[in-house]
Amino acid sequence: MSAIIEISGLTKQYGSFTALDHLDLTIEEGAVFGFIGPNGAGKTTTMRILTTLLKPSEGEAKIGGYSVMTHPNEVRRMIGYMPDFFGVYDDMKVWEYLDFFAACYDIPETVRKGMIGDLLDLVDLGSKHDEMVESLSRGMKQRLCLARTLAHDPKVLILDEPASGLDPRARIEMRELLRELQNMGKTIFFSSHILSEVADICTDIGIMEAGKLVAYGDIEQMRQQLQVSRLIQVRMLGDTVPLKDLLMTHEKVDAITDGREIELTPDIVRFDFTGDDEELSQLLLSLIEKKIQIISFSEEVGDLEDVFMQATQGVIN
């Protein structure tokens, strides 16, 4: 796979305020990239630069090899952009709305009719072909707006909070639609505050804070980058005191929490472990040799929210 989005040293300043600080990022063709971070972290600024709506103060950004600064028209042909706040024309029918934007891309009228039907089927709005836009639910309007971005068959979709304000069912529908677009070979670059959904669909994730990229990769890679200690949970038979006494003497064991204190069953002990897999295996072996009656011994794997909180130092505005 070759890189389709290349960002190097991208910076945007407003007077003394730095909204984006020397961002370096490469997105491979066909990837689904999730861009997350607190409000004001620089996500929307990055997207506006990529879509040629905003000029950077420094650095370079290219899409499909075209510079957003020197070849903006070529970039616009390659991308479909869905902003976080989008407008729809309520006094139009659904097909008229898509026909208008297709015409803006100089798509011939003879082509537009069949294309509009295909787009509406893709976003599951085929039955709404002749409905007024104002009659659609918010989720349907979101999907219609996404269909609009696909009118010229762009290679790259840049979506700013595509699931914003949607109910759970509409979010699931949007997520499945993004999967389908990925299967069609589209590269998708989208921001979101719904962390669980980002984790569920993305091939790669970038976490922003204060204009800087503080973590990048798939979830497992970021977990390894940011992980200081591992949370281990042990369930055993009998009194937990002997187990805790042994753990207290191990140099790689940090805080120990009794199950009673964290409202788990009283036969559970959890502890932070700073060692690697081999050291963890040796610890388990030593506990068995000490006749500790272990029922289960497992590592609790943090989710994207854990990674996000650690990467952004818990700052969510």
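Kindly put 216, 81 in sequence by how many other C-beta atoms sit within 10 Å of each C-beta, fewest to most.
Arranged by neighbour count, lowest to highest, 216, 81 become 216, 81.
Which residue fluctuates most in the GNM of the chain (Cα springs below 10 Å): 128, 252, 186?
Comparing 128, 252, 186 in the GNM, the peak value goes to 252.
Tell me what the chain gives for mean residue ellipticity at 222 nm when only DSSP H runs of n ≥ 4 count, each as -39,500 (n - 2.57), the sum divided by the residue total, rounded to 500 deg cm²/dmol. Present the calculation step by step, with values, prior to reporting the outcome.
Values: 11 runs with 112 residues, N = 317.
Result for the chain, helices only: -10500 deg cm²/dmol.
Could you calculate the contour length gain from residue 239 to residue 111, that is, 0.36 nm times the residue separation minus the distance between their Cα atoms, to one decimal place in nm?
Separation in residues times 0.36 nm, less the Cα-Cα distance, equals 38.6 nm.
Restricting everything to alpha-carbon atoms, can you work out Rg to Rh for the stretch 3-217 with a Kirkwood hydrodynamic radius? The partial results should precede the final answer.
Numbers: Rg = 17.1 Å, Rh = 17.7 Å.
On the Cα set of the stretch 3-217, Rg over Rh gives 0.97.
Tell me which lysines have Cα within less than 27 Å of residue 291's Cα, excluding those fewer than 8 residues away on the same chain?
List returned: 244, 252.
Using the 10 angstrom Cβ neighbour count as an exposure proxy, how do 47, 140 rank, fewest first?
Numbers: 47 23, 140 19.
By the 10 Å Cβ count, ascending: 140, 47.
Select from 169, 76, 148 the residue whose mean-square fluctuation is largest in a Gaussian network model of the chain (Cα-Cα springs shorter than 10 Å).
169
How large is the Rg to Rh ratio of the stretch 67-183 when both quantities use alpha carbon positions and Rh follows Kirkwood?
Ratio value, two decimals: 0.95.
Among 265, 45, 240, whose mean-square fluctuation peaks in a Gaussian network model of the chain (Cα, cutoff 10 Å)?
Among 265, 45, 240, the largest GNM mean-square fluctuation belongs to 265.
Taking residue 93 as the anchor, which lysines have their alpha carbon closer than 21 Å to its alpha carbon, excluding any fewer than eight residues away along the same chain?
The reachable lysines, counting only those whose Cα sits under 21 Å from residue 93, are 113, 128, 141.
Which value, in debye to the nearest 20, gives the size of the charge dipole of the chain about its Cα centre, when Lys and Arg are +1 and Asp and Glu are -1 at the Cβ?
I would put it at about 720 debye.
Order these by the 10 Å Cβ neighbour count, fewest first: 236, 69.
Lowest count first: 69, 236.
Computed on alpha carbon atoms, what radius of gyration and Dmax characterise the stretch 4-105, expressed in Å?
Cα-based Rg and Dmax for the stretch 4-105 come out at 15.5, 46 Å.
Suppose R0 equals 41 Å; then what is the FRET efficiency for residue 284 and residue 169 from their Cβ-Cβ distance, rounded to the nearest 0.05?
0.40
Read-outs: derived from the displayed coordinates by stated rules, not from any lab. For clarity, every value in this text was computed on a predicted model and none was experimentally measured. Neighbour counts are summed over all protein chains in view; Cβ atoms, including those assigned to glycine, are modelled from backbone coordinates with ideal geometry.
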